[in-house]
Structure formats: structure tokens, C-alpha cells
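Participant: Got a structure for you, written out below as C-alpha cells; questions coming shortly.
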Amino acid sequence: MRQRFLKRWCWLLLLIPALVFMGSHAAFAAPRCPPPEQPARLNIKTAPAKVIYKTGHSRSDLERMQRARGRHQGAGKWRVLGLTLTEFRYAIKTSARLIPISGGGYCAQPVSYDLTIGFSDFLVHIDRQYRRGSCEFAAIRDHEISHVTLFRSNLSRYMPIIRREARNAAASVRSVAVRDPDSGAERLQDQMQRRMNPLISKLNREADSSNARIDTPDSYRHVHMLCDNW
């Protein structure tokens, strides 16, 4: 029996509220598809991310960048002296086997899922007023690196949970009958995404919450006390 194999990529950027695929698929009357002979192969890798320092922006530039991303400014006299920007990235590549069935159409069975999870490069912006080597530059840098550390530690803490949930999700994916061969991998990927999206969204919320806890007047006051030339 002739079979076809299709692959599909999907990217989710979860810096913004979680993207949820809500597309509906028209029902296709066809014989029930047999279950996959074996669970889909699962490969998970984390995307490496570098820390890149950006020192060409003024304080007002950083404040505009912060507002453009919906972040709050420090209360009262506190102003934006540093800003760390990154995006949490979650990608799925789906491979599907398409088996022709009587009456037209195909049974789509999952072959493999490749997940890539991680952050884009961390862009650490520091007010250009403070030169490298100064106490103020180091104090701002160290505070921003605390954010990078929190992002990374949160992901490390979640990776065992992500791996377990991804294995369970891949094992539970069912074969689907489709008329259009191009929709086979899409339907199978939707099943995987629906299982993974709540966990990925929770990870993203907790990362934001952890970072918010070190952006407080008390933490700003501590940074300010480290140096004299603000």
C-alpha cells in the first residue's frame, strides 16, 4: 500500500498571551482509522540563547521600549536604567504517515514530533549614560542578569515536566481520517498542541511572575545604594 509522509512546522511565541489554534476541521465520513502501530517518536531539544549587551540607548529610549511591550514602569522616582528583552519560543515539527483508504481520503498517523523549546537571545539594554567599568554599569548589569537567571532556571525546572507531558501527549495522539492530504499533519499537530499549550502557558506566567518579584521599589533601592554617581 502506497504511503505518503508529510511534515509541518508550527511556532508559538509566548511572550504575548498564548496563541491558541482554534481552527475547526470539517467532518469527513470514512472508515475508522486503525491506531498507529507504535507511538510517535519524540525528540525534544532546548534552543541555546546568548546574553547580548546593548549600550546605545538612552533612558527615555528604554522607557519607550518598555511601554511598547506593555510593561509597567517603576513607581515614583524610579526610572528605567536597564531592560532585558527575550521571547520564549516553542516550536513543533510534525511528521505524518498518510495511508490511502477506500472511498477516497487518507488515514493520517503520527510518525514523529520534534519539539524545540527555549528563549531567543537575551538582549540586555543598559542606559548609555553609564560606561562599562563603572559601578553603576555593573549594578544595572547584575540586576538584569538576575532576570536572565530567573528565565533560565524557570525553564530548567519545568523541563522534566515538559518531557513527561510531551511523551504522554505523543502516545495519546490518535489516527485521523482526512480528505485533504495536506491537513493530515495539521490535525495530528493540533492534538499535540492542545495537550502542551496549558503547560507552556503556565511556564510563561510563572516566569513573568518570578521576574516581577525582583522589579520592586525595594530591589531598585538596593541597586541605588550600591553606587554614588546616579
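The values are calculated or read from the model by the stated rules, or taken from the named source; none is laboratory data. All values reported here derive from a predicted model rather than from experimental measurement. Cβ coordinates were reconstructed from backbone atoms using ideal geometry, including for glycine residues, and neighbour counts include every protein chain displayed. Ligands, DNA and RNA are excluded from the accessible area calculation, which covers all protein heavy atoms including side chains. Shrake-Rupley method; radii C 1.70, N 1.55, O 1.52, S 1.80 Å.
Participant: Quick one: which of Ala96, Ala171, Ala166 is in contact (Cβ under 8 Å) with a residue 40 or more places away in the chain, assigned to a strand (DSSP E or B) and under 29 Å from the mean Cα position of the chain (by Cα)?
Facilitator: Numbers: Ala171 fails: assigned to a strand (DSSP E or B); Ala166 fails: assigned to a strand (DSSP E or B).
Only one candidate qualifies: Ala96.
Participant: Is it the case, given these coordinates, that Ser146 is within 28 Å of Leu203 (Cβ to Cβ), small (Gly, Ala, Ser) and assigned to a strand (DSSP E or B)?
Facilitator: In short, no.
Participant: In the stretch 99-117, which residues are over 30 Å from the mean Cα position of the chain (by Cα) and either surrounded by fewer than 20 Cβ atoms within 10 Å (Cβ to Cβ) or closer than 23 Å to Gly56 by Cα (or both)? Steps first, please.
Facilitator: If we filter the stretch 99-117 for residues that are over 30 Å from the mean Cα position of the chain (by Cα), which is where we start, we get 99-107.
Selection gives Ile99, Pro100, Ile101, Ser102, Gly103, Gly104.
Participant: Taking Met192, is it in contact with a helix residue (DSSP H, G or I) (Cβ under 6 Å, 6 or more places away or on another chain) and either open to solvent by less than 60 Å² (accessible area, probe 1.4 Å) or without any contact (Cβ under 8 Å) to a residue 12 or more places away in the chain (or both)? Before the answer, list the steps.
Facilitator: Values: in contact with a helix residue (DSSP H, G or I) (Cβ under 6 Å, 6 or more places away or on another chain): yes; either open to solvent by less than 60 Å² (accessible area, probe 1.4 Å) or without any contact (Cβ under 8 Å) to a residue 12 or more places away in the chain (or both): yes.
Spelling it out, Met192 is indeed in contact with a helix residue (DSSP H, G or I) (Cβ under 6 Å, 6 or more places away or on another chain) and either open to solvent by less than 60 Å² (accessible area, probe 1.4 Å) or without any contact (Cβ under 8 Å) to a residue 12 or more places away in the chain (or both).
Participant: Right, something else. Could you give me the residue pairs with C-beta distances under 7 Å whose first residue belongs to the stretch 142-154 and is within 16 Å of Thr46 (Cα to Cα), whose second residue is acidic (Asp, Glu) and assigned to a helix (DSSP H, G or I) wherever it lies, and which are 6+ apart or on separate chains?
Facilitator: Listed pairs, sorted by first residue: Asn154/Glu206.
Participant: Could I ask something else about it? Out of (1) out of contact with any strand residue (DSSP E or B) (no Cβ under 8 Å at 6 or more places or on another chain); (2) surrounded by 13 or more Cβ atoms within 10 Å (Cβ to Cβ); (3) farther than 26 Å from Thr84 by Cβ; (4) of a type in the set (Ser, Thr, Tyr), the odd one out for Ser175 is which?
Facilitator: (1)
Participant: Still on this structure, please answer the following. Which of the residues spanning the stretch 118-137 are open to solvent by 30 Å² or more (accessible area, probe 1.4 Å), in contact (Cβ under 8 Å) with a residue 24 or more places away in the chain and more than 30 Å from Ala91 (Cβ to Cβ)?
Facilitator: Selection gives Arg128, Gln129, Arg132, Ser134, Cys135.
Participant: I would also like to ask the following. Is it true that Val80 is part of a loop (DSSP other than H, G, I, E, B) and of a type in the set (Val, Ile, Thr)? First the steps, then the outcome.
Facilitator: On the way: part of a loop (DSSP other than H, G, I, E, B): yes; of a type in the set (Val, Ile, Thr): yes.
For Val80, the condition - part of a loop (DSSP other than H, G, I, E, B) and of a type in the set (Val, Ile, Thr) - is met.
Participant: Still on this model: Would you pick out the residues in the stretch 196-228 that are of a type in the set (D, E, K, R) and open to solvent by 90 Å² or more (accessible area, probe 1.4 Å)?
Facilitator: Lys202, Arg205, Arg213, Asp218, Arg221, Asp228
Participant: Anything in the stretch 178-189 that is open to solvent by less than 50 Å² (accessible area, probe 1.4 Å) and assigned to a helix (DSSP H, G or I)? List them, or say none. Write out each step before concluding.
Facilitator: Taking the stretch 178-189 and keeping what is open to solvent by less than 50 Å² (accessible area, probe 1.4 Å), we get 178, 181, 183-185, 188-189.
Listed by number, the residues that qualify are Ser183, Gly184, Ala185, Leu188, Gln189.
Participant: Tell me which residues, restricted to the stretch 139-166, are in contact with a Leu (Cβ under 8 Å, 6 or more places away or on another chain) and either under 30 Å from Asp228 (Cβ atoms) or surrounded by 15 or more Cβ atoms within 10 Å (Cβ to Cβ) (or both).
Facilitator: Scanning the stretch 139-166 gives Ala139, Ile140, Glu144, Asn154, Leu155, Tyr158, Ile162, Glu165, Ala166.
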